[in-house]
1. Once you place label points 7 Å from the Cα toward the Cβ at THR65 and GLU208, how far apart are they in nm?
2. Say the cut-off is 31 Å between C-alpha atoms; which of LYS89/LYS193; LYS70/LYS202; LYS155/LYS196; LYS63/LYS133; LYS63/LYS202 go over it?
3. Rg/Rh for the stretch 102-218: what does it come to with C-alpha atoms and Rh from Kirkwood?
4. Residue separation times 0.36 nm, minus the C-alpha to C-alpha distance between ILE120 and LYS220: what's the value?
5. Once the piece of chain linking ILE91 and LYS133 is laid out straight, how much longer is it, given 0.36 nm per residue of separation minus the C-alpha distance between them?
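The numbers here are math on the coordinates, done by the rules we state, and not lab data. Owing to the predicted nature of the structure, the values given are computational and were not obtained by experimental measurement. Positions of Cβ are backbone-derived with ideal geometry, glycine not excepted, and every protein chain shown enters the neighbour counts.
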Amino acid sequence: MEKLKKILQSRIFQAAIIILVLFIIAVICTITQSRTCLVKNSESQYYRARSLFIMGNTLVCRKGTSEYNKREEALSGETGFTLTLVNLKDIALIEFMPDEEQAEEAGPVPTRFLGSYNIIVAAHQGFLYLWSKDGRAYGSIRFPHWGRGVAEPLKGVYISSSGNIRFTRSVTTRAEQSRVGSSTYFTQGYYGKYYKNGNFIKGFYTREGHRGLWEAVRKK
């Protein structure tokens, strides 16, 4: 009986060691990888996460510290990341996003895709400004006949060497709302493609599940 007890204790110890090793491997993989995902939990809240690693019914990840009611807000909002264990039962959806760090390392933004453009979004006419600094793209947008008519800094501007562009226009704080003169909070995701050697951009934007068209022509 004593011998059987020792064998059982030995196997329990071995199993615990194996579980600990697997957990350490999961933590190392999670910390060293940078792939970003968008997660929707069982309460329909969105948050960003990095480096997902699944162990049985448990998800090991670097979870975003901020949660949002809308997908677009989760993509554009500021957040930190912390190592977390999440039960898969609490997850409704996982959406893998393009690898932002690899995209940023692809090289400098081609100058033919930068400059000043006249932009039309639905029936609104305005101006789109794009520039680069330290190898990264930045931009602002201004609609003279909307709100206070001021320039709005764009978030998450990305321009690929092949001519794809995406950025976010949003008002998510009281300070932003007061500065631009918006009556409500909103988040718009813009996606487009350059044509005519960078002189014309055409694409679509999304807002609260709705989709519209936009285009921009380089200013002469």
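1. According to this spin-label approximation, the distance is 3.0 nm.
2. Too far apart for the 31 Å limit: LYS89/LYS193; LYS63/LYS202.
3. 0.96
4. Full-extension gain reported as 34.4 nm.
5. 11.3 nm
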